[in-house]
Amino acid sequence: MSPPSPDIRSWGGLTAHGSDRVSPQAWMAEPAPQQGPVLAYGNGRSYGDSCLNDGGRLILGRSLDRILAFDRESGLVTCEAGVLLDDLLALVVPAGWFPPVTPGTCFVTIGGALANDVHGKNHHRAGTFGRHVRAFELARSDGQVLTCARDMNSDLFAATIGGMGLTGLITQVTLQLMPVAYAQMLQETIHFDSLDRFFAIAAQSDATHDYTVAWIDALASGANFGRGVFFRANHAPATDQPPSRPRRNLSFPFTPPVPLINGLTLRAFNHLYRAMQSRSPEPRRIAYRPFFYPLDRIRNWNRAYGPHGLRQFQCAIPMAHARVAVEDMLRRTLASGETSFLTVLKLFGDVPSPGMMSFPLAGATLTLDFPYRGPRTDTLLAELDAITLAAGGRVNPYKDARMSPATFEASFPHWRNFAAHIDPGFSSSFWRRVTGG
């Protein structure tokens, strides 16, 4: 076993204190009962501490990196849980297939996508990742290796999808892909100048487009409050034209001593970003990667937030209260002086997930991220929690680094039903923080 590894971090910059590392193969070969608690750690793209296990052990799942089977006729693929979505795309897109649900980065593991039941820009059509998982293999701390599907170990199937890695080690996943004609998107860009206009465009677009999302200028105030840019797209039809060459990736070279995200830099960025977006009503073809994964072009972009990292907040609000709650949260953010670099607003559909702890609910979801500045950031985030809960919504646990047990309880009042399926050898910093377990 390796010595303690304090350098393991989440994407938001939280560190795993005193956590030993172990490979999946070594962990599965250990005789029961095993020392614990343990938790699987994939590619470290979770923002908060749901992927960390202070004082315990982390099973480094990236070594489970083989694609085991791919049926090019049916689009059914089976791979080990440590395979990156990026590697899966490289195999299946040229064959005319695409993941039915993808998050905003392709550098997540397939096991992590399942454990967090990730959603994408097409939730109103396709729901969450877990809806398209046909089966997976789960290694438990008592030595059992179980196949889980809707009709086989169905309770563990439901608990593991969105279960934050607490039900055992996911070793392999079978996923149903969706057919696509071409590796491009047909995208339309619509500028809007108010939240009312966003909700009108979103309702209309969700009926006609598979993918919808909006960027909000979180620093705009006065008459400009609530302005942003709406993006909607479908997969493009086939064409004789060769796809455009992908642009070269960049890398953020170092972590600056102070956050580069501040009011001055963000105001300039927001102005430039909005000005760069097309105002033509005509749809245009773009490569799929910049549409789904715009920030992946800049490796280690999270370093721009400085040595204390970032805190991301995401909520889901029922539609009846969404308009008022979103405005309240944006105004509170403005008044606080905190600066959200990436402010994203979209609608969730009424598409149920098989996962017991899945985050989305029918309504709107708002995402903000902030350089972490200590108590002032925590104070704002607690205010955003309160607005969310007052509107009957929930806070996303997969991206959280500081929600209170009361906020978690209000967001997921059924969590004790889920807890009955947790592997007794598994735990996480997040779970102990919000439940005391």
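The values are calculated or read from the model by the stated rules, or taken from the named source; none is laboratory data. If you're wondering where the values come from, they're calculated on a predicted model, not measured in any experiment. Here the Cβ is made from the backbone with ideal geometry for all residues, glycine too, and neighbour counts use every protein chain on show. In case anyone asks, the SASA skips ligands and DNA or RNA and just uses the protein heavy atoms, side chains included. Shrake-Rupley method; radii C 1.70, N 1.55, O 1.52, S 1.80 Å.
Give me the helices (runs of 4 or more DSSP H) completely within the stretch 393-437, filtered to those with at least 3 residues that are touching a residue at least 60 places away in the same chain (Cβ under 8 Å) and out of contact with any Gly (no Cβ under 6 Å at 6 or more places or on another chain), ordered by residue number.
Details: elements: 405-411, 415-419, 429-435.
Counting at least 3 such residues, we get 429-435.
Can you tell me which of GLY437, GLY393, GLY349 is modelled with pLDDT under 95 and either more than 18 Å from ASP49 (Cβ to Cβ) or open to solvent by 20 Å² or more (accessible area, probe 1.4 Å) (or both)? So that I can check it myself, show each step before the final result.
Working: GLY393 fails: modelled with pLDDT under 95; GLY349 fails: modelled with pLDDT under 95.
Going through GLY437, GLY393, GLY349 in turn, the sole match is GLY437.
Taking the criterion of being at pLDDT 95 or above, buried (at least 19 other Cβ atoms within 10 Å of the Cβ) and closer than 26 Å to THR212 by Cα, would at least one residue in the stretch 165-177 satisfy it?
yes
Could you tell me whether any residue of the stretch 282-294 is modelled with pLDDT of 95 or more, of a type outside the set (Gly, Ala, Ser) and under 19 Å from SER46 (Cβ atoms)?
Yes.
Does at least one position in the stretch 169-180 carry a residue that is within 30 Å of PRO318 (Cα to Cα), among the β-branched types (Val, Ile, Thr) and part of a loop (DSSP other than H, G, I, E, B)?
The answer is no, given that none of the residues of the stretch 169-180 is within 30 Å of PRO318 (Cα to Cα), among the β-branched types (Val, Ile, Thr) and part of a loop (DSSP other than H, G, I, E, B).
Filter the stretch 293-340 down to residues that are open to solvent by 10 Å² or more (accessible area, probe 1.4 Å) and β-branched (Val, Ile, Thr), then give me how many there are.
Residues in the stretch 293-340 being open to solvent by 10 Å² or more (accessible area, probe 1.4 Å) and β-branched (Val, Ile, Thr): 2 in total.
Go through the stretch 75-90 and report how many residues are open to solvent by 50 Å² or more (accessible area, probe 1.4 Å) and free of Cβ contacts under 8 Å to residues at least 40 places away in the same chain.
Taking the stretch 75-90 first, the residues open to solvent by 50 Å² or more (accessible area, probe 1.4 Å) are 76, 87, 90.
Retained after the next criterion (residues that are free of Cβ contacts under 8 Å to residues at least 40 places away in the same chain): 87, 90.
Of the residues in that region, 2 qualify.
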